[in-house]
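The values are calculated or read from the model by the stated rules, or taken from the named source; none is laboratory data. Here the structure is a predicted model, which means the values were calculated and not measured. Note: ideal-geometry Cβ built from the backbone for every residue, glycine included; neighbour counts use all protein chains shown.
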């Protein structure tokens, strides 16, 4: 099963990236996106840290085992738009 790493981008530049050293084994990119959104929802709801002023400005930069970019998942995607 592939391993995905969920690096937290909270500010520009190298100091604004909190790297995920362990990652999670998930079946594929769809599951990785769902996992990223679940983690983001938990952080938004329960975590307060000085380094992050606005969770909705954060993004998970998801990479594979070779540190190749797979996708970016903005925390703002946790909020569903109203459908007309």
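Data for the structure
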quantity	calculated
In segment 28-52, residue farthest from the chain's Cα centre (by Cα) [restricted to those that are modelled with pLDDT under 90 and assigned to a loop (DSSP other than H, G, I, E, B)]	50
Residues satisfying the stated conditions in segment 2-27, i.e. at positive phi and touching a residue at least 12 places away in the same chain (Cβ under 8 Å)	23
Qualifying residue in segment 38-57 (condition: touching a residue at least 40 places away in the same chain (Cβ under 8 Å) and under 16 Å from residue 5 (Cβ atoms))	no
Top-ranked residue of segment 53-70 - restricted to ones that are within 12 Å of the chain's Cα centre (by Cα) and not in a strand (DSSP E or B), ranked as surrounded by the most Cβ atoms within 10 Å (Cβ to Cβ)	58
